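A quick write-up on the structure given underneath.
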Amino acid sequence: MTNKERLYLLSFQEISKAISSTLAVKEVLDLIVNKVTEVMGLKGCTIRLVNPMTNTMELMAAAGVSDNYLRKGPVDLDKSVAEALTGRPVAIYDATTDPRMQYPQEAKEEGIATLVAIPIMVKGKVIGVMRLITAEPREFLMDEVDFACSVAELGGQAIVNAQMYEARVKELDFLKALQQVFKAINSSLDVQKVMSLLVKTATTALDIKAAAVRLLDEKRKQMELVAHFGLSDRYINKGPVEADKSIAAAMTGMPVSMYDVASDPRAQYPQAAAEEGIRSILSVPISLKGNIIGVLRIYTGVPRQFSEDEITFIASLAEQAALALENARMYQKLKGEHEALMSDLYRFSGYTRSI
């Protein structure tokens, strides 16, 4: 075994050990880019993951390159890393002249000569790219590419492990949150109290910016705010929310997500949302006896694509909101019937005493 092979093996073992001992994916990816840069004699190394919503590669870890270069602009899926996203390594010998490079001028200013893009794959699907960066033109040997591919595979496994763990933790948090709301519904007929707890619970469990419940005022064709958490008075008072605009689709009975509120034509107040720091909004219908009576709205401070589990959790909260409203309605109905019955009884008692 050569010294280089021994070094690669030791590095591979160190990364494998880190993956088995921690679920902190950022820690593992930082270790990977630093270790690969060191043992392969590179200028630097980066790891980016695919964001299908924005069609860009989001930076997860980097070593050996400047912040200015990392902030050069979004890395598109259909440019310099397109070939790597097909599942095979791609070498760019001269990063300053190769037409596949998205930012050749920035690469030149950074002192980047050669770049190799290694796909990060999970279960046969490319989820990201690890890029090897050199300061001098370099032809990579097959054993070097094989080592980088093996390390990239470890990175993919670390991401999967972290995602599985986070999913289980979220499930537990969601169950606890639902139990808390259900307990409140069973112990109180105060709709305002229950709704306030519901929006606070949603905000905390989902780690988001804010949440709100709006109910439909059919006469005014507006969505009236009944509870909110995390929103400023300025945003709350921005103006009426009309049922036929940004949440019209949700009123048909389906969850509706706006990934980028600032550019989504369905948003009624995009400027107000931008000033409030709102980037994404999810609207989930509140249904009572087959009729849509309102929406539970979720607001995030960063662009966010909600998972199926998150949408299911939010829909469950919306069902609890409907249950709270139904309980209050039934209570008011029974209370009215009881008062009417007692009134009739008093009148009958008065009548019998007068005979």
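For region 86-113, residues that are open to solvent by 40 Å² or more (accessible area, probe 1.4 Å) and assigned to a helix (DSSP H, G or I) total 6.
In region 92-115, the residue that is modelled with the lowest pLDDT out of those that are under 34 Å from the mean Cα position of the chain (by Cα) and of a type in the set (V, I, T) is I92. Entry remark, region 116-134: residues being touching a residue at least 60 places away in the same chain (Cβ under 8 Å) and either more than 15 Å from V36 (Cα to Cα) or part of a helix (DSSP H, G or I) (or both) number 3 in total. Name the single residue that is least open to solvent (accessible area, probe 1.4 Å) among those in region 204-217 being β-branched (V, I, T) and more than 13 Å from the chain's Cα centre (by Cα). Out of the qualifying residues, it is V213.
Inspection of region 160-167 finds no residue satisfying the criterion of being under 22 Å from L288 (Cα atoms), open to solvent by 20 Å² or more (accessible area, probe 1.4 Å), among the hydroxyl-bearing types (S, T, Y) and out of contact with any helix residue (DSSP H, G or I) (no Cβ under 8 Å at 6 or more places or on another chain). Of all residues in region 78-87, none satisfies being more than 30 Å from N3 (Cβ to Cβ), of a type in the set (A, V, I, L, M, F, W, C) and modelled with pLDDT of 90 or more.
In the set (1) within 26 Å of R304 (Cα to Cα); (2) without any contact (Cβ under 8 Å) to a residue 24 or more places away in the chain, the condition left unmet by K72 is number (2). Out of F140, F182, F174, one residue alone is at pLDDT below 90 and open to solvent by 30 Å² or more (accessible area, probe 1.4 Å). It is F182.
Checked against (1) free of Cβ contacts under 8 Å to residues at least 60 places away in the same chain; (2) crowded, with 18+ Cβ neighbours inside 10 Å, K238 passes all but condition (2).
The values are calculated or read from the model by the stated rules, or taken from the named source; none is laboratory data. Because the structure is predicted, anything quoted here is derived from the model rather than measured. Neighbour counts are summed over all protein chains in view; Cβ atoms, including those assigned to glycine, are modelled from backbone coordinates with ideal geometry. Accessible surface areas use protein heavy atoms only, side chains included; no ligands, DNA or RNA. Shrake-Rupley method; radii C 1.70, N 1.55, O 1.52, S 1.80 Å.
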